[in-house]
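The values are calculated or read from the model by the stated rules, or taken from the named source; none is laboratory data. Values in this document were obtained by computation on a predicted structure and should not be read as measured data. Cβ atoms come from the backbone with ideal geometry, glycine included; neighbour counts cover every protein chain shown. Heads up: the accessible areas ignore ligands, DNA and RNA and are worked out on the full protein's heavy atoms, side chains in. Shrake-Rupley method; radii C 1.70, N 1.55, O 1.52, S 1.80 Å.
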Amino acid sequence: MAYIELKGITKRFDTVYANDGIDLEIHKGEIHALLGENGSGKTTLMNILYGRYRSDGGSILVGGVRRVFKDPADSIKAGIGMIHQHPDLVDTLSVEQNIAAGMGGGVVLARKSIRARIEEIAAQYELAVDPTRKIYQLSVGEKQTVEILKTFYRGVDVLILDEPTSVLAPPEARALFENLVKIKARGCAIVLITHKMHEVFEVSDRVSVLRKGRMVYTAPTAETTREILTEKMVGHALAEQVSAHHAVAADAERILRVQGLSVMGPFGQPALTDVNLEVARGEIHGIAGVAGSGQKELCDAIAGMCKVHEGEIYYHDKDITRLPIARRRAQGIRIGYIPEDRMDAGLVGEMKISGNVMLRRADYAARVFYSEKAARAYGKEILDAYKVDAVGPQQPVKNLSGGNIQKVLLGREIGEDPDLLITAYPVRGLDIGATDFIFQLLRKKREEGMSIVMVGEDLDVLLEQCDRISVMYHGRIVATFDADPANKGSIGACMAGAGGAA
Amino acid sequence: MMNDIGLFLQTAIIMGTPMLYATLGEILAERSGSLNLGVEGMMMTGALAGFLVGTTTNSPLLAVLCAGLVGAMGSMIFAVLTVSLKANQLVAGFVLTIFLSGLANLIGSGYGNSTLPKTFTSKISAIHIPGLSEIPLLGPAIFEQSILVYLGILTAVVLWLYMNKTRFGLSLRVVGENPSFADNAGIPVTLYKYVHIGAGGFLAGVGGSCLTLLIVPRWMESITAGMGWISIALVIFALWSPARAVFGAYFFGALRGLVFKLQSAPITISGKAFYIPAQILDLLPYLMTILVLVLITLGKRKENRPPLWLCRPYFREDR
């Protein structure tokens, strides 16, 4: 019998149904994969079970008893714990303080018994971590272990993990999965939210697929196939992707050369150390690595947005290391930048599309007066050229969907006719349609001779889209590979810090 | 000379006491993620309430309690605005100071000439501890003080234990550092914020009452004269630790004491007498604060930075 039953769960955000009458059963001793694209409602559904969101309809049964969870404290009491995508801990406190926070018991913190209990649980599930270390001293993988220990410390027997591998290198992800199997064997129920197909087959016992807020499919993993799941997930069958990588000739013209680049982080710690990178004309150069390995700093440094500590950046053999962005533009240096956070460094959400597309234009920077009429005309041009789904150029950017926002941003940057385009996570959070559109566009631009630096998180996608891939680890580029699927294993090892020969 | 220095230390500690209470209160509020700039206003209302209750009831206990309660009531305006209605903390705090200062000056305008009964002041004045208070230099500073001074130190000790040794203190830090984690861990974020903003207001009120009951001791218009603002600066000076707040408050109290001292007595250098302008001395606490801010930033120690969620409203569904 199912331990947890969700019946007819419905949740609306404004007028959008994030969850629409969803039924789901979770059994003890199983790993249940919850599969779906970004925005399909997986996380929303689990946040409802976890008491973080209130559902607008439907009911939750735990062990056959109907429960209403007002907040996470309620659901923890009922034995349900959730681990979010990014480790949610207090950096300046120790592991044991983080684990003990919010627990009942005496007024005075009994450190000794807390530590003993943590060590006991760690031993039981074979998880290793030093309880006295401060969180900021830990790696992401270790932080996740702390999160898991934290939930077990609360006596949880239903564990929800929200895309836990998105911040992990492949070997770390494997270690996590091994842990999950051990945990399952002790009678816990595990829900694994994911959009990665291979994880479903690697670790889950049953799988449910969500599409656009509806539950479309549930089956034992052993009785289903990749093709079925893909079709259920996107609503139609996808053409098989083939790797399109071109070999980069050794004597190809170099558009960008980064030499010995070092950049300091906000606390004076090194964010980039001795980074070397070469990008050839007409190449899509992927940057792989666990999130936070220095990708953002590298992009910012090339784009001229952060202070370089040491090293040089050459654009067509011209040293642009310390050239401010305005001077670069004046000197005809054309580097486009699609930053990781579109609405932060990319666009101004409150402003109209028309204003946003003008921001990087040379004639805008050179003039005192600003013509809204010209801006609208240019905005309209971009909306048409990139098939942006918008009312018109007068619409504020923040009212667009993620895919359309990204198209506006791409339209603006490509509109400046750059010969080097830096893109960080260009398709993050986008649906399949927009993703396809953007990748096709980038490939077309490559054929026209544009060089593209593409920071990505999903190694499979990078292998599909790029010509070469450089791997970042702890602020260094540890190796560069041809984007050949045969190199996948070595790239994964480098992401986890194996170093290695290119 | 020894006697002079002893007296000076004694004054420094008395002058530092109102700021000590207010700083301790503000540390509580800021640890919960609330930067309450209403300290100056809450001190004003506390000062007035303490004085009025003191003159009418002749009971120091009631006077101090009421001062605290009035301060706490003031802080609840801030709490409702910023925690429940998610208003901007800086604006809400400023408005609170302006409103409460004005209110206290308005209500207090008729009481400028009243004084506390003699029986009241004798109850609250310095306790001589025989023998010990005769120790040169530190004797009078440590062993000849009002009960309010000792209570201030006791409060600091209790709060240090509370923040570092109890589970409530740990939860408080988590609320200020990472409210969504606190929420996940089942810590009632809103309740913690209300309670600690309220406790902060209470202590600010008590701090204010030290002025009208002990130091001045009567009601004057704008009696706090910037002490509330210095207390907010002191929180940074103390790096959000109640233990360091004690030293900070007394140090700043000494600077204040110096103002009076040097105004009346010139410094003689090789036969020439110099008077240091009072304005320069008044500047010292603020200069010190700027210096400390710079040092913290240069120090780059993670533990020394302000609570991560200071001044940010927390929306549960906003993820």
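For residue A:428, the conditions (1) within 21 Å of residue A:15 (Cβ to Cβ); (2) under 23 Å from the mean Cα position of the chain (by Cα); (3) open to solvent by 20 Å² or more (accessible area, probe 1.4 Å) all hold with the exception of (1). Residue count for the stretch A:435-479, restricted to those that are closer than 21 Å to residue A:252 by Cβ, among the aliphatic types (A, V, I, L, M) and in a strand (DSSP E or B): 7. Show the residue pairs that are 6+ apart or on different chains and have beta-carbon atoms under 8 Å apart, the first residue being within the stretch A:253-272 and within 14 Å of another protein chain (Cβ to nearest Cβ), the second being part of a loop (DSSP other than H, G, I, E, B) and surrounded by 18 or more Cβ atoms within 10 Å (Cβ to Cβ). Taking only residues 6 or more apart or on different chains, the pairs are A:270/A:475; A:271/A:294; A:271/A:475. If you go through the stretch A:200-211 one residue at a time, do you hit one that is at pLDDT below 90, basic (Lys, Arg) and outside any strand (DSSP E or B)? Within the stretch A:200-211, not a single residue is at pLDDT below 90, basic (Lys, Arg) and outside any strand (DSSP E or B). Looking only at the stretch A:80-103, residues that are more than 8 Å from every other protein chain (Cβ to nearest Cβ), surrounded by fewer than 19 Cβ atoms within 10 Å (Cβ to Cβ) and either free of Cβ contacts under 8 Å to residues at least 24 places away in the same chain or of a type in the set (Asp, Glu) (or both) come to 0 in all.
Yes or no: the stretch A:392-411 includes at least one residue that is free of Cβ contacts under 8 Å to residues at least 40 places away in the same chain, of a type in the set (D, E, K, R) and in a loop (DSSP other than H, G, I, E, B). There is no residue in the stretch A:392-411 that is free of Cβ contacts under 8 Å to residues at least 40 places away in the same chain, of a type in the set (D, E, K, R) and in a loop (DSSP other than H, G, I, E, B).
Tell me, which residue of the stretch A:57-73 that is open to solvent by 10 Å² or more (accessible area, probe 1.4 Å) and facing chain B (nearest Cβ under 8 Å) is farthest from residue A:6 (Cα to Cα)? Looking at residues that are open to solvent by 10 Å² or more (accessible area, probe 1.4 Å) and facing chain B (nearest Cβ under 8 Å), I get A:73. Restricting attention to the stretch A:118-143, the residues that are part of a helix (DSSP H, G or I) and away from chain B (no Cβ under 14 Å) add up to 11. Residue A:76 meets the stated requirement of being surrounded by 15 or more Cβ atoms within 10 Å (Cβ to Cβ), part of a helix (DSSP H, G or I), within 29 Å of the chain's Cα centre (by Cα) and at the interface with chain B (Cβ under 8 Å from one of its Cβ atoms). Only a single criterion out of (1) closer than 26 Å to residue B:306 by Cβ; (2) open to solvent by less than 10 Å² (accessible area, probe 1.4 Å) is not satisfied by residue B:91, namely (2). Restricted to the stretch A:298-350, and to residues there that are β-branched (Val, Ile, Thr) and under 25 Å from residue A:474 (Cα atoms), the residue that is surrounded by the fewest Cβ atoms within 10 Å (Cβ to Cβ) is A:321. Taking the criterion of being in contact with a strand residue (DSSP E or B) (Cβ under 9 Å, 6 or more places away or on another chain) and either among the hydrophobic types (A, V, I, L, M, F, W, C) or open to solvent by 10 Å² or more (accessible area, probe 1.4 Å) (or both), the residues of the stretch B:1-53 that qualify are B:10, B:13, B:14.
Restricting B:241, B:231 to residues that are out of contact with any strand residue (DSSP E or B) (no Cβ under 6 Å at 6 or more places or on another chain), within 25 Å of residue B:145 (Cβ to Cβ), crowded, with 24+ Cβ neighbours inside 10 Å and hydroxyl-bearing (Ser, Thr, Tyr) narrows the list to B:231. Between A:492, A:429, the distinction of being assigned to a helix (DSSP H, G or I) and touching a residue at least 60 places away in the same chain (Cβ under 8 Å) belongs to A:492 only. How many residues does the stretch A:354-408 contain that are among the basic types (Lys, Arg), more than 22 Å from residue A:334 (Cα to Cα) and surrounded by 15 or more Cβ atoms within 10 Å (Cβ to Cβ)? The qualifying residues number 2. Across the stretch A:143-166, the qualifying residues are those that are of a type in the set (D, E, K, R) and under 12 Å from residue A:129 (Cβ atoms), and the one among them that is surrounded by the most Cβ atoms within 10 Å (Cβ to Cβ) is A:150. Those helices (runs of 4 or more DSSP H) of the stretch B:80-190 in which 2 or more residues are away from chain A (no Cβ under 14 Å) occupy B:89-108, B:118-124, B:138-143, B:147-165.
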